[in-house]
Every structure is written in structure tokens, then in C-alpha cells.
1. Which one of the conditions (1) out of contact with any strand residue (DSSP E or B) (no Cβ under 9 Å at 6 or more places or on another chain); (2) within 19 Å of Cys120 (Cβ to Cβ); (3) among the β-branched types (Val, Ile, Thr) does Thr253 fail to meet, given that it meets all the rest?
2. From the list Asp113, Asp97, exactly one residue is charged (D, E, K, R), buried (at least 22 other Cβ atoms within 10 Å of the Cβ) and within 25 Å of Arg188 (Cβ to Cβ). Which is it?
3. Restricting attention to segment 144-185, which residues are touching a residue at least 12 places away in the same chain (Cβ under 8 Å), assigned to a strand (DSSP E or B), of a type in the set (Ser, Thr, Tyr) and surrounded by fewer than 19 Cβ atoms within 10 Å (Cβ to Cβ)?
4. With over 30 Å from Gly262 (Cα atoms) and within 28 Å of the chain's Cα centre (by Cα) as the only criterion, which of Arg189, Arg92 stands out?
5. Yes or no: segment 118-132 includes at least one residue that is more than 26 Å from the chain's Cα centre (by Cα), part of a loop (DSSP other than H, G, I, E, B) and at pLDDT 95 or above.
6. Name every residue in segment 234-265 that is among the β-branched types (Val, Ile, Thr), surrounded by 13 or more Cβ atoms within 10 Å (Cβ to Cβ) and closer than 19 Å to Asp223 by Cβ, in order of residue number.
7. Search segment 99-120 for residues that are at positive phi and pair each with any residue that is buried (at least 16 other Cβ atoms within 10 Å of the Cβ) and of a type in the set (Gly, Ala, Ser) when their beta-carbon atoms are under 7 Å apart and the residues are at least 6 apart or on different chains.
8. Can you say whether Leu154 is over 21 Å from Val175 (Cα atoms) and modelled with pLDDT of 95 or more, as far as the supplied structure shows?
Amino acid sequence: MRHEWSWRALAVTVTAVTAVATGCSVEDGGRPERASSSGDRAARGEAGADAAERSAEPQPRTRPGTPRRTAPPPAPSPTATPRPRPTFLVARVIDGDTLELGNGDGVRLVGIDTPERGECGFDEATANLVRLVEGRNVTLTMSDEDTDRYGRLLRYVNIGTTDAGLRLIKNGRAVARYDSRDGYGFHRREPAYIAADRDTPRARCARAAPTPSTPAPAAPAGDCAAGYSPCVPVYPPDVDCPDVDGPVSVSGTDPHALDADGDGVACE
């Protein structure tokens with residue numbers, strides 16, 4: 001009887017230890033209790049929601065059919081409009097390379113030279129510049145210097161896109177001068193002027209018609225200087241063109257110095 005009680009006590013002790021280890025209770029016969037409750041389910045749901053929230057960025061909600069607003073593109077910055085260059089009225093042309101503006105300023109064209117008054121080609125060069133600029137508005141561009149010793153402005157003169165100085169060279173009425181080749185400063189259009197001068201033949205000036213003059217008394221036969229035709233009296237005394245009936249062909253030494261330009265024809 002004592003032994004039977006001992007075995008029962010041992011069985012109860014083993015059952016209790018097993019119940020504690022497996023989560024069962026002695027009262028419910030050793031069945032394991034389900035570890036599930038509303039609190040546990042809520043905890044698991046919150047953990048899943050947190051994971052989903054961390055794995056995806058939230059997207060803005062828009063109404064169906066409503067276009068999403070975007071920032072307007074930046075307005076283009078305004079570009080500066082180039083200011084037109086001022087123009088000046090040419091009141092009159094003085095000669096082939098000099099003119100006077102409507103405000104009274106004198107302008108000497110840069111980098112060219114034309115015949116002076118009384119020289120062959122003066123009238124033609126002056127007339128050429130008159131046709132180009134007189135009475136018209138021109139633009140002026142400064143070169144390497146501002147003024148010359150006479151107070152005239154040193155400028156390139158343009159009518160639209162036409163360079164008046166370059167045009168005179170190409171027409172054979174001017175030569176490229178007053179540049180770095182003859183002691184002056186280099187100017188920006190110098191290469192173009194020199195090239196045009198090199199490629200353009202010099203225009204010939206018109207010869208003035210001979211003016212009638214009182215014929216000189218005919219020299220006696222044998223008193224004509226050699227090399228003149230018609231007869232020119234023997235030197236001395238000195239004879240000038242008004243004293244002879246020109247033009248005179250000169251083929252000799254020209255002791256009277258009648259052929260000033262050396263072209264073989266004197267007193268034209």
C-alpha cells in the first residue's frame with residue numbers, strides 16, 4: 001500500500017514537470033494551450049504594416065481625371081538687342097580721300113591716297129567719292145588713330161556694307177598708303193587694301209583738251225631746236241608752252257623743258 005502511493009506520487013510529479021516544459025496545465029489534462037490572442041494578432045499586424053511602409057514610398061493621391069500639377073518651366077532670360085551704329089550725313093566731298101560731315105567735322109579716309117588738286121586723276125577720284133557718299137548717311141569706324149595733325153577724323157567710311165576707301169582702290173582711283181609699310185601704324189583693313197591695290201590696274205586720268213593759244217612767230221629756217229615737231233626756236237632764249245603752237249612732239253633732249261611729265265608730248 002505504501003509502495004503504490006509512492007508510484008502515484010512519482011507519476012504526478014513527472015506529469016507536472018512535463019506540463020511546465022510543454023506549456024500544458026495539470027488541470028486540463030496536459031493539453032498544450034494555444035498561444036494566440038487578439039493582442040498577439042494586433043502586434044503581428046502592426047509589424048507587417050511597419051514593414052510594408054518601410055519598403056515602399058508613399059505616393060500622392062490624386063483625383064481621377066485630374067492632371068497632376070507640375071512646376072512651370074523657367075522663363076527664358078531676355079537677350080540684349082544690338083544697338084544700331086550711328087550714321088552721319090556727308091555734306092560735301094573735298095577731294096578723293098577727304099570729306100566734310102553735316103556737323104562740320106572733316107574726315108580723312110584711312111589707308112588710301114588719291115591725287116592732289118592739279119594732278120592727273122584728281123577730278124576722277126573726287127567724282128568717284130562724290131558718287132559714293134555725298135548727300136548720304138555713312139557709318140564711321142576708327143582705325144589705329146583718332147585724328148591727324150590737321151584735326152581731321154581718321155576713319156573708315158562705309159555706305160551700308162560698302163567700304164568707300166576699298167571701292168576707290170578697286171576702281172583704280174586710289175592707292176593703298178599711310179600704313180605699316182611706310183612708317184605708319186598697322187590698321188585692321190590694311191591687308192585687304194594692299195591686296196586690292198596689287199590686283200587693280202591704275203586708272204588713267206582723262207587728258208585735258210588743249211587750249212587754243214596764239215601761235216608763236218614762225219622761226220626762220222635753220223633756227224629750230226632739234227627734237228621738236230613742229231618747230232620750236234633754238235635754246236636760248238627759253239621758250240614756254242604759251243610761246244609755241246602745241247601740242248609739240250618731243251624726241252630730243254628737250255632743252256626748253258616743255259615735256260614736264262616725260263610722255264613725249266609737250267604743251268598738250
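The values are calculated or read from the model by the stated rules, or taken from the named source; none is laboratory data. Because the structure is a prediction, the values reported are computed rather than measured. A quick note on method: Cβ atoms are made from the backbone with ideal geometry, for glycine too, and the neighbour counts reach across all protein chains shown.
1. Against the list (1) out of contact with any strand residue (DSSP E or B) (no Cβ under 9 Å at 6 or more places or on another chain); (2) within 19 Å of Cys120 (Cβ to Cβ); (3) among the β-branched types (Val, Ile, Thr), Thr253 comes up short only on (2).
2. One residue alone meets the criteria, Asp97.
3. Thr162
4. Working: Arg92 fails: within 28 Å of the chain's Cα centre (by Cα).
The conditions single out Arg189.
5. No: segment 118-132 contains no residue that is more than 26 Å from the chain's Cα centre (by Cα), part of a loop (DSSP other than H, G, I, E, B) and at pLDDT 95 or above.
6. Once the filter is applied, which keeps residues that are among the β-branched types (Val, Ile, Thr), surrounded by 13 or more Cβ atoms within 10 Å (Cβ to Cβ) and closer than 19 Å to Asp223 by Cβ, segment 234-265 yields Val234, Val239, Val244, Val248, Val250.
7. Listed by first residue and then by second, the contacts come to Gly111/Gly165; Gly111/Ala176.
8. In short, no.
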